[in-house]
Amino acid sequence: MDDRQGNGEANKVLIAASGTGGHLFPAIATAEKLNSTIEWLGVPDRLETELVPKHYPLHTVRMGGVQGKLGLGTLKILAQFVQATLATRRLLKQGEFQGVFTTGGYIAAPAIIAARSLGLPAILHESNAMPGKVTRWLSRWCSLVAIGFNETRQYLPKQAKTECVGTPVRSQFLADSNASLTDLTIPDNAPLIVVVGGSQGAVAVNKLVRAAAPAWFDKGWWVVHQTGTNDPDTDSLSHTQYIHRPFFKNVAALFKRANLVISRAGAGTLTELAMTHTPSILIPYPFAADDHQAYNANAFGSVGASKVYRQSDLNGDTLKNQVVTLLETPEELNCMRVAAETLAVNDSADRLAELLQKMMG
């Protein structure tokens, strides 16, 4: 990650990205391409407090989202929104920023409103096929909405100005990356199944995998399992062909080595699968806002890059059998690889950075 502070550039950008890797990693990848002075807007006690401060100045505001029915909690969120918008407006004005870039989520609302109230450009990147509420509500206020899927346009107001640029990924996922699997000892000729549940893990998927995995071990296949930190049964399965950890830093190398990935359907993970041309079984998180993971998964399933299953339609046996069928049909796996490659946008971060520079330059 480049640190561009103090480089004398006239262009100064406030990036508003908070919460999960799905919001943060595309923002970080874009920041690395910007020839700008960058400062960051986030929320206390979220992932950005770990990833951002060593590279960019981090400002925080309290901001949450409306969950469920309207009530006293809604009034608290509205009060936070007003306070966060006023604080962001002061920051933009005093810091003499040229504009705001955000990757959506709750933090985007005060950032966009504050920027537009000062006549500054606000560019939002939406990585999901089904845009989030904030994107749908505020897209008409934005100078530009950059989208990761062409399908997203149909869910936005007609007034919204859009451009499809794909979704930026971490540099380790780019084609010229030398990411290699050096920290895990897996036989070179052993088929490998990689399981990931997103940055928060996926307990339900973890249970399905543990139920199915013994049959895969019997065939000599290996499983590398990113369990997340919220699974109470993390140590319930032990086998010489099974490696599990809460997180793996070198996910790009894992995806490149994998014969098949089993995953939730967050936009960030799907973009990474496209970049590494990896076949996948997708199990969208059934409680995702607006069921957006199902829309993401269908964009991959419709072109043949992935097999998509509702969580309610799966048990250990059906997952076991689907994986066996795929790994024993190399022709189908190869077709899935080719389909995944068609969804990759290799220069997404460059394209998005160029748009930002033009609009804020």
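Could you check segment 217-238 and list, in sequence order, the residues that are more than 15 Å from P191 (Cβ to Cβ) and in a loop (DSSP other than H, G, I, E, B)?
Residues satisfying the conditions are T227, G228, T229, N230, D231, P232, D233, T234, D235, S236, L237, S238.
Report the residue count in segment 143-178 for those that are assigned to a loop (DSSP other than H, G, I, E, B), touching a Ser or Thr at 6+ places or on another chain (Cβ under 7 Å) and of a type in the set (S, T, Y).
Total satisfying the criteria: 2.
Tell me, please, whether a residue that is surrounded by 17 or more Cβ atoms within 10 Å (Cβ to Cβ), out of contact with any strand residue (DSSP E or B) (no Cβ under 8 Å at 6 or more places or on another chain), within 22 Å of L333 (Cβ to Cβ) and among the basic types (K, R) can be found in segment 216-231. Walk me through how you get there before you give the answer.
If we filter segment 216-231 for residues that are surrounded by 17 or more Cβ atoms within 10 Å (Cβ to Cβ), which is where we start, we get 216, 221-228, 231.
Retained after the next criterion (residues that are out of contact with any strand residue (DSSP E or B) (no Cβ under 8 Å at 6 or more places or on another chain)): 228, 231.
Okay, now just the ones that are also within 22 Å of L333 (Cβ to Cβ), so none.
No: zero hits.
Select from segment 98-107 the residues that are touching a strand residue (DSSP E or B) at 6+ places or on another chain (Cβ under 9 Å) and in a loop (DSSP other than H, G, I, E, B) and write down the one among them that is surrounded by the fewest Cβ atoms within 10 Å (Cβ to Cβ).
Restricting attention to segment 98-107, the residues satisfying the condition of being touching a strand residue (DSSP E or B) at 6+ places or on another chain (Cβ under 9 Å) are 98-105, 107.
Pick out the ones that are also in a loop (DSSP other than H, G, I, E, B) and you get 98, 103-105, 107.
On the way: Q98: 20, T103: 29, G104: 30, G105: 24, I107: 29.
This residue is Q98.
Quick one: is T182 in a helix (DSSP H, G or I), of a type in the set (S, T, N, Q) and over 18 Å from the mean Cα position of the chain (by Cα)? Show your work before the answer.
On the way: in a helix (DSSP H, G or I): no; of a type in the set (S, T, N, Q): yes; over 18 Å from the mean Cα position of the chain (by Cα): yes.
Against the criterion (in a helix (DSSP H, G or I), of a type in the set (S, T, N, Q) and over 18 Å from the mean Cα position of the chain (by Cα)), T182 does not qualify.
Could you tell me whether segment 74-97 includes any residue that is part of a loop (DSSP other than H, G, I, E, B) and either in contact (Cβ under 8 Å) with a residue 24 or more places away in the chain or surrounded by 17 or more Cβ atoms within 10 Å (Cβ to Cβ) (or both)? Break it down stepwise before answering.
If we filter segment 74-97 for residues that are part of a loop (DSSP other than H, G, I, E, B), which is where we start, we get 96-97.
If we keep only those that are either in contact (Cβ under 8 Å) with a residue 24 or more places away in the chain or surrounded by 17 or more Cβ atoms within 10 Å (Cβ to Cβ) (or both) as well, we get 96-97.
Yes, segment 74-97 has at least one match.
Within segment 108-142, count every residue that is under 16 Å from the mean Cα position of the chain (by Cα) and either assigned to a helix (DSSP H, G or I) or of a type outside the set (S, T, N, Q) (or both).
Our first condition is that a residue be under 16 Å from the mean Cα position of the chain (by Cα); within segment 108-142, this holds for 108, 124-132, 135.
Then drop every residue that is not either assigned to a helix (DSSP H, G or I) or of a type outside the set (S, T, N, Q) (or both), which leaves 108, 124-126, 129-132, 135.
Qualifying residue count, segment 108-142: 9.
Kindly check whether there is at least one residue in segment 194-206 that is surrounded by fewer than 18 Cβ atoms within 10 Å (Cβ to Cβ), more than 14 Å from R264 (Cβ to Cβ), touching a helix residue (DSSP H, G or I) at 6+ places or on another chain (Cβ under 8 Å) and not hydroxyl-bearing (S, T, Y).
Initially, segment 194-206 is screened for residues surrounded by fewer than 18 Cβ atoms within 10 Å (Cβ to Cβ), giving 200, 203-204.
From what is left, the residues that are more than 14 Å from R264 (Cβ to Cβ) are none.
Within segment 194-206, not a single residue is surrounded by fewer than 18 Cβ atoms within 10 Å (Cβ to Cβ), more than 14 Å from R264 (Cβ to Cβ), touching a helix residue (DSSP H, G or I) at 6+ places or on another chain (Cβ under 8 Å) and not hydroxyl-bearing (S, T, Y).
Every read-out reported here was derived from the displayed coordinates using simple, explicitly stated rules and does not represent laboratory data. Here the structure is a predicted model, which is why all the values come from computation and not from measurement. In this analysis, Cβ positions are derived from the backbone assuming ideal geometry, glycine residues included, and neighbour counts consider all displayed protein chains.
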